[in-house]
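The block underneath contains the structure these notes are about, expressed in structure tokens.
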Amino acid sequence: MKVAVIQSRLYWELPEKNLEQFEQKLSAVEPDTRLVLLPEMFTTGFSMRPAALAERYPGRTVEWIKYMAKKHGFAIAGSHIAETNGKYFNRMVLAYPNGEVATYDKRHLFRMAKEDQHYTAGMQRVIVNYEGWQIMLAVCYDLRFPVWLRNLNDYDLMILVANFPERRRHAWNSLLVARAIENQAYVAACNRVGADGNQINHTGDSQIIDPMGQIMAKANPNAEEIIYSTLDLNYLNSVRESFPVHLDADNFEIIRD
């Protein structure tokens, strides 16, 4: 399966301008691609103003991403600000080419930016099946929580969308590789570039990593570009068969408060 990651700047709190730019970028994606990642909160940037910016689900962004997936014939994933029953969520949407949609609400809210004061945390791990691949959905700060992302022999690929800042670049690069190795899964991660409305800079470092922790593709820092890699399910299975660490994994239970 060929995966593309679109590393881009974001227009601060300007949904229509962001949808316009990503419409152009999606048109440039190579036609044999099967899955495309967009950044976290790709229509607004990482804003703490959900009351002003949230879309009552499904809303404009979901309809747009569904249309784009059908138009181009590949799945598209990214997160946006959604409102459901009076609560705000940092909601990841994965739209399939057939018009169907899967969603995941970010579990770990970034308290250092007061995200936990403005949004409601999701309560469910979400793993979807797409073209024979089991895919785990994750958003930004989730990356720091290996228990939540632990592969229970139930996914082949983790996709993560983010607004991870330059000041924590080392953590981003290190943790992505760690998550791939410890879970024996591919990891595809999309991060933004440029300064946001709070003048916090993002270098991107979007990347695609194989189950041995080898980086297959990595975007240039601070550059707007699309990176690609073709993932091989047979190779993934051979890695797990030859080095079956999952057989020695610890059992545990996640308790949600």
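Readers should treat all values here as calculations from the given coordinates under stated rules, not as data from a laboratory. Remember, predicted model here, so these are calculated numbers, not experimental data. Cβ coordinates were reconstructed from backbone atoms using ideal geometry, including for glycine residues, and neighbour counts include every protein chain displayed.
Here are the numbers for the structure shown:
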item: LEU10 long-range amide H proximity, modeled H, under 5 Å; result: VAL193
item: Loop-located GluC sites (Glu not before Pro) in region 37-128 whose Cβ has at most 16 other Cβ within 10 Å (DSSP); result: GLU100
item: Low-density loop cleavage sites - chymotrypsin sites (Phe, Trp or Tyr not before Pro) in region 133-168, where at most 16 other Cβ are within 10 Å (DSSP); result: TRP148
item: Leading residue at positive end of dipole, the chain (Cβ point charges), from LEU247, GLN21, VAL147; result: GLN21
item: Choice from LEU14, LEU35, LEU247 with maximal GNM fluctuation in the chain (Cα, 10 Å cutoff); result: LEU247
item: Within a Gaussian network of the chain (alpha carbon springs, distance under 10 Å), most fluctuating of LYS218, LYS87, LYS66; result: LYS87
item: Net charge of Cβ neighbours under 14 Å - reference TRP172; Lys, Arg +1; Asp, Glu -1; result: +3
item: About the Cα centre, charge dipole magnitude for the chain (Lys/Arg +1, Asp/Glu -1 at Cβ), debye; result: 560 debye
item: Stokes-Einstein D (µm²/s) once Rh is taken as the Kirkwood radius of region 79-159 over alpha-carbon pairs, at 4 °C in 1.567 mPa s; result: 96 µm²/s
item: Residue-wise HN-Hα coupling along region 230-238, computed from phi with Karplus coefficients 6.51, -1.76, 1.60 (Hz; x: Gly, Pro); result: 9, 8, 10, 5, 5, 5, 4, 5, 5
item: Amide hydrogen neighbours beyond the local backbone of MET41, cut-off 5 Å, H modeled; result: SER79, HIS80
item: Region 209-225 - phi-based ³J(HN,Hα) in whole Hz, Karplus 6.51/-1.76/1.60, Gly and Pro as x; result: 10, 8, x, 9, x, 7, 7, 8, 8, 9, 6, 5, x, 6, 9, 8, 7
item: Relative packing of peptides 248-256, 72-80, 117-125 - highest average C-beta neighbours within 10 Å first; result: 72-80, 117-125, 248-256
item: Region 133-138 - phi-based ³J(HN,Hα) in whole Hz, Karplus 6.51/-1.76/1.60, Gly and Pro as x; result: 9, 8, 10, 8, 9, 8
item: For the chain, radius of gyration divided by Kirkwood radius, i.e. Rg to Rh on alpha-carbons; result: 0.94
item: Global geometry of region 43-183, whether rounded, prolate or oblate, following the gyration tensor of its Cα atoms and the 1.5 cut on a/c; result: oblate
